[in-house]
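To start, the structure under review is shown below, and the notes come after it.
The values are calculated or read from the model by the stated rules, or taken from the named source; none is laboratory data. Quantities reported herein were computed from a predicted structural model and do not represent experimental measurements. Heads up, the Cβs are rebuilt from the backbone with ideal geometry, glycines too, and the neighbour counts pull from every protein chain shown.
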Amino acid sequence: MNERIFLSAPHMGGDEIKFIQHAFDENWIAPLGPNVNGFEQDIQEYNNIPYAAALSSGTAAIHLALILLGVKNDDVVLASSFTFSATINPIVYQQAEPVLIDSEKETWNMDPELLEQAIKDYIAKGKKPKAIIFVHLYGMPGKIKEVKSISEKYEIPLIEDAAEALGAKLDGKPLGTFGDFGVFSFNGNKIITTSGGGALVSQNKEWIDKSRFLATQARDSAPHYQHSKIGYNYRMSNIAAGIGRGQMKVLDKWIKFRRANHDFYEKELSPLGFEFLSEPNNAFSNRWLTCVIFNERINTKPEDLRQELEIYNIETRPLWKPMHLQPIFKNCKAYLSGVSEFLFEKGLCLPSSSSLKDEERMLVIEKIKNFCK
Ligand SMILES: *Cc1c(COP(=O)(O)O)cnc(C)c1O
């Protein structure tokens, strides 16, 4: 039996261990140190944004953004429904109310028209939403320019969840830098990893300074431990940041490999009737995961194919189950288009690691072709 072919495996470039070794040599085994500062600088330079805070997770970054925007109990926060639960959970940490916005067909991300409708409804009810969380799923740039103008028109701050979209661009501008805040994740399955980690970025220095303060238990400046705010333990460790510095060196290469996976699958599988998400004009996806949609010509269900590939030790996964279908969020108000439910029902994510070998991709294709005959 072949080794397991993962959906999205960690992929080290080689220099990560040097940064870790340096941390050990200097005894910087703490949630601060030169790797943390260096990694923040790398993120800033790569994304052409002046301020970044390295944190323990992408979820922590979203949570801090909401806190900095003053989101509190009973506030309304509008968020993409087609996403991972980590986008929505921090809204509930703040005891605010998530209102879920469905996707449009072209990019699978938040539909700006539904968003504006929701804003109008809530303003009419005297409950102006406190923030918008917009997700770029699978690394595909969504309609962020439209959403940005809506956010400006109604003066509702915009958090861009680019957890899956590091390195993707729209009009040449990195995703995560359109909103008031941008969020990245370096969890184990993302395009690069620190074994677990995240970052919050912004053009606003005061916000990022404050996020670092809140992420280190909100210690006032005093010789003793003094606190006048509730703090969090959300900082990235110097060891994790060392991995991140090594990973930043190979990020562009890994994006190339992920994009090559996508192009290979598309070439091989579209003749069978599988559909792929194409890049709109001026959009550059990092192709974090390649997703296929089963059209009417295909006489099998995504779940049947998933189970079949599992026999050959090949990992695939349904697309994200929309938040409005999740037991925990089923009572949330949602503005629906049917798009995310369709994608959940008809889609499958294929092995997309940057470390995927040619013969592994060939095996995946061969097994799919045999099964769909
Ligand atoms: C991974 C992910 C997150 C959360 O990031 P963590 O670092 O795992 O906390 C948030 N949003 C989306 C869309 C993600 O895919």
Scan region 170-219 residue by residue and report those that are within 14 Å of the ligand (Cβ to nearest atom) and of a type in the set (Gly, Ala, Ser). GLY176, GLY179, GLY182, SER185, GLY188, SER195, GLY196, GLY197, GLY198, ALA199, ALA215
Note on region 42-60: residues among the hydrophobic types (A, V, I, L, M, F, W, C) and over 11 Å from TYR232 (Cβ atoms) are ILE43, ILE49, ALA52, ALA53, ALA54
Check whether at least one residue in region 106-122 is over 25 Å from PHE284 (Cα atoms) and hydroxyl-bearing (Ser, Thr, Tyr), and report yes or no. yes
Meets criteria (in a loop (DSSP other than H, G, I, E, B), at pLDDT 95 or above, within 22 Å of the chain's Cα centre (by Cα) and loosely packed, with under 15 Cβ neighbours inside 10 Å) for SER353: no
When ARG297 is evaluated against the numbered criteria (1) closer than 19 Å to LEU7 by Cα; (2) assigned to a loop (DSSP other than H, G, I, E, B); (3) charged (D, E, K, R), which criterion, by number, is the only one it fails? (1)
For region 124-147, pairs from a residue that is touching a residue at least 40 places away in the same chain (Cβ under 8 Å) to a residue that is within 10 Å of the ligand (Cβ to nearest atom) and assigned to a helix (DSSP H, G or I), with Cβ under 9 Å and 6 or more apart or across chains, are ILE133/ILE62; ILE133/THR87; ILE133/PRO90; VAL135/THR87
Residue that is surrounded by the fewest Cβ atoms within 10 Å (Cβ to Cβ), among those in region 291-310 that are of a type in the set (Val, Ile, Thr) and at pLDDT below 95: THR300
Check on LYS229, touching a helix residue (DSSP H, G or I) at 6+ places or on another chain (Cβ under 9 Å) and basic (Lys, Arg): yes
In region 311-327, what count of residues is obtained for those that are touching a residue at least 24 places away in the same chain (Cβ under 8 Å) and either crowded, with 18+ Cβ neighbours inside 10 Å or out of contact with any Asp or Glu (no Cβ under 8 Å at 6 or more places or on another chain) (or both)? 11
Over region 241-272, the set of residues free of Cβ contacts under 8 Å to residues at least 60 places away in the same chain and crowded, with 16+ Cβ neighbours inside 10 Å is ARG259, GLU266
What number goes with the only condition from (1) within 16 Å of the ligand (Cβ to nearest atom); (2) under 20 Å from ALA163 (Cα atoms) that TYR232 does not pass? (2)
Based on this model, can you work out whether GLU360 counts as within 30 Å of LEU114 (Cβ to Cβ) and outside any loop (DSSP other than H, G, I, E, B)? no
Test for ALA215: is it surrounded by 24 or more Cβ atoms within 10 Å (Cβ to Cβ) and touching a Lys or Arg at 6+ places or on another chain (Cβ under 6 Å): yes
